Amino acid sequence: MSIAAGDGDYLGAEADLLKILGVSRPTLRQAAKVVENDRLLSVRRGAGGGFYAARPSARDAIQAPALWLKLQSATLEQIHDASRLIYPQAATLAASCEDPALIAELQAFRADLETRRPGEEPASETVASEVRLNDLIARMTGDPVLLLFMGISYSFGQLDRRINLYRKEIARRLLWLEIQRRLCDAILAGDAVLARKISIKRGETVSEWIHAATEAAKSEQRRPVRRTAATG
């Protein structure tokens with residue numbers, strides 16, 4: 001009933017649904033709880049209360065699979081390998097976007113890049129900027145599948161705290177800022193070929209960084225612990 005209705009549409013009071021569905025009150029409430037957990041139903045109490053259709057947000061859809069991947073011991077390297085297949089296509093489609101609101105949002109983002117000072121801001125600002133740009137590019141594709149998979153990729157990256165690509169790497173932040181500028185310019189110019197080329201190079205660069213960070217972490221784990229008087 002919820003899927004057939006529009007988001008926020010009134011489905012009826014409890015008494016109405018008991019008659020329509022022909023079930024007992026406990027069964028209705030148990031079923032409503034299941035659908036509510038799936039973010040497809042809103043149950044409101046009091047005046048104006050009843051059962052209303054709802055829709056899960058993109059955040060709801062993204063967080064669960066990202067967490068599942070984390071619990072399956074997926075690595076950032078694996079996630080990035082998958083995103084490298086997706087990102088060039090997203091950049092290509094974004095360059096063909098004709099939505100005035102999304103174009104204006106990207107123009108504002110591009111203007112904001114000129115005020116950035118990577119050497120004076122925390123690494124978290126670089127990450128937040130990248131997440132914002134990729135969310136915008138995903139929305140500019142008009143493709144909900146790309147939006148979902150790109151969201152999962154970046155949500156997973158935020159869950160994985162073992163590898164930080166920017167914490168002490170000012171040079172990387174400066175390079176990343178330049179890549180963002182070039183990618184924004186290509187998309188705003190409607191140059192799909194250049195946008196795709198930049199996104200492929202971007203993926204190669206990040207792969208090198210992740211590989212280097214992973215190897216460094218493995219080397220650190222293999223390093224023998226020096227015994228001291230304090231440690232026995």
Of the residues in region 194-208, those that are among the small types (G, A, S) and either open to solvent by 70 Å² or more (accessible area, probe 1.4 Å) or over 16 Å from G157 (Cα atoms) (or both) number 2
Is it the case that some residue within region 24-32 is loosely packed, with under 15 Cβ neighbours inside 10 Å, among the charged types (D, E, K, R) and within 30 Å of the chain's Cα centre (by Cα)?
-> no
Count - residues of region 81-95 that are more than 20 Å from Q158 (Cα to Cα) and in contact with a helix residue (DSSP H, G or I) (Cβ under 6 Å, 6 or more places away or on another chain) = 7
Here the residues within region 7-36 that are in contact (Cβ under 8 Å) with a residue 12 or more places away in the chain, in a helix (DSSP H, G or I) and either hydrophobic (A, V, I, L, M, F, W, C) or touching a helix residue (DSSP H, G or I) at 6+ places or on another chain (Cβ under 6 Å) (or both) are L17, L28, A32, V35
Within 28 Å of the chain's Cα centre (by Cα) and in a helix (DSSP H, G or I) - does that describe any residue in region 37-48?
-> yes
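The values are calculated or read from the model by the stated rules, or taken from the named source; none is laboratory data. Not measured: the values here are computed from a predicted model. All Cβ positions, even for glycine, are placed from backbone atoms using ideal geometry, and neighbour counts span all protein chains on display. Just so you know, the surface numbers come from the protein's heavy atoms only, side chains and all, with ligands and any DNA or RNA stripped out. Shrake-Rupley method; radii C 1.70, N 1.55, O 1.52, S 1.80 Å.
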